[in-house]
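Here the structure comes first, spelled out in structure tokens, and everything after it is commentary.
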Amino acid sequence: MDVFFQNGSLSVRRLKEKDKPLLAKWLSNPKVLEYYEGRDQPFDLEKVENVFYAADDEEVKCIIEYDGQPIGYIQYYELDEATKGEYGYGPEKVFGIDQFIGEVDYWNRGIGTSLVTSMTEFLINQLHADIVVMDPQVWNARAIKCYEKCGFKKVKLLTEHGLHEKEYRDCWLIEYRE
């Protein structure tokens, strides 16, 4: 399956070899890195290869397209038992998602809200997720507001959970339940 879903102008498809230069472009832009990975972690093609194209990854890696143009990246994965335990979950089927819009001209246009809503619906309806989670950094109010618009709720403060720009930062565990 190459295209996972389409919602109007928005679609999500599987990551391909030809996407390496796009990821390198997006992840060397300080505006994007401020929110994803950190401005001290710019990517080149080699780093893209190592991080996004490793064969043993659990994540399903995808490209976000808008009107047929690649504009960003999203990945989803089922949480392993250890992570579920850390977060306080039991036998539920829990999926996590991570995403960024790499083309900054597409920021603040409601695309992120549509993306997160569509991906959440895909995971629940197609992959039978009970819960969908994310762990945005506490300071990222813009992202948290977007996720809350999509029906996610803050459930747990994860102290010093994410390394960002040489500092461990607090994150919110947020969840969506049907």
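The values are calculated or read from the model by the stated rules, or taken from the named source; none is laboratory data. Bear in mind that the values here come from a model prediction, so they are computed numbers and not experimental data. Cβ placement follows ideal geometry from the backbone for every residue including glycine, while neighbour counts extend to all protein chains displayed. Areas reflect the complete protein model, heavy atoms only, side chains present, ligands, DNA and RNA absent. Shrake-Rupley method; radii C 1.70, N 1.55, O 1.52, S 1.80 Å.
So is LYS31 touching a helix residue (DSSP H, G or I) at 6+ places or on another chain (Cβ under 7 Å), among the basic types (Lys, Arg) and either in a strand (DSSP E or B) or under 16 Å from LYS16 (Cα atoms) (or both) or not?
Numbers: touching a helix residue (DSSP H, G or I) at 6+ places or on another chain (Cβ under 7 Å): yes; among the basic types (Lys, Arg): yes; either in a strand (DSSP E or B) or under 16 Å from LYS16 (Cα atoms) (or both): no.
The answer is no for LYS31.
Residues in the stretch 8-36 that are open to solvent by 70 Å² or more (accessible area, probe 1.4 Å) and without any contact (Cβ under 8 Å) to a residue 40 or more places away in the chain: GLU17, LYS18, PRO21, PRO30. Taken over the stretch 46-63, the residue count meeting the criterion of being over 23 Å from GLY8 (Cβ atoms), open to solvent by less than 70 Å² (accessible area, probe 1.4 Å) and among the aliphatic types (A, V, I, L, M) is 3.
Conditions (1) open to solvent by 40 Å² or more (accessible area, probe 1.4 Å); (2) among the basic types (Lys, Arg), marked per residue:
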position	(1), (2)
GLU65	no, no
GLU78	yes, no
ALA82	yes, no
TYR87	no, no
GLY110	yes, no
LYS149	yes, yes
GLU167	yes, no
ASP170	yes, no
GLU178	yes, no
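Scanning the stretch 126-147 for residues that are surrounded by fewer than 15 Cβ atoms within 10 Å (Cβ to Cβ) and not in a loop (DSSP other than H, G, I, E, B) yields a count of 4.
For THR83, are the conditions met, namely being among the hydroxyl-bearing types (Ser, Thr, Tyr) and under 14 Å from PHE5 (Cα atoms)? Spelling it out, it is not the case that THR83 is among the hydroxyl-bearing types (Ser, Thr, Tyr) and under 14 Å from PHE5 (Cα atoms).
From the list PHE95, PHE43, pick out the single residue that is part of a strand (DSSP E or B), in contact with a helix residue (DSSP H, G or I) (Cβ under 6 Å, 6 or more places away or on another chain) and either touching a residue at least 12 places away in the same chain (Cβ under 8 Å) or open to solvent by 40 Å² or more (accessible area, probe 1.4 Å) (or both). Of the residues listed, the single one that is part of a strand (DSSP E or B), in contact with a helix residue (DSSP H, G or I) (Cβ under 6 Å, 6 or more places away or on another chain) and either touching a residue at least 12 places away in the same chain (Cβ under 8 Å) or open to solvent by 40 Å² or more (accessible area, probe 1.4 Å) (or both) is PHE95. For the stretch 19-37, a residue qualifies if it is closer than 14 Å to ALA143 by Cα and of a type in the set (Ser, Thr, Tyr), and the qualifying residues are TYR35, TYR36.
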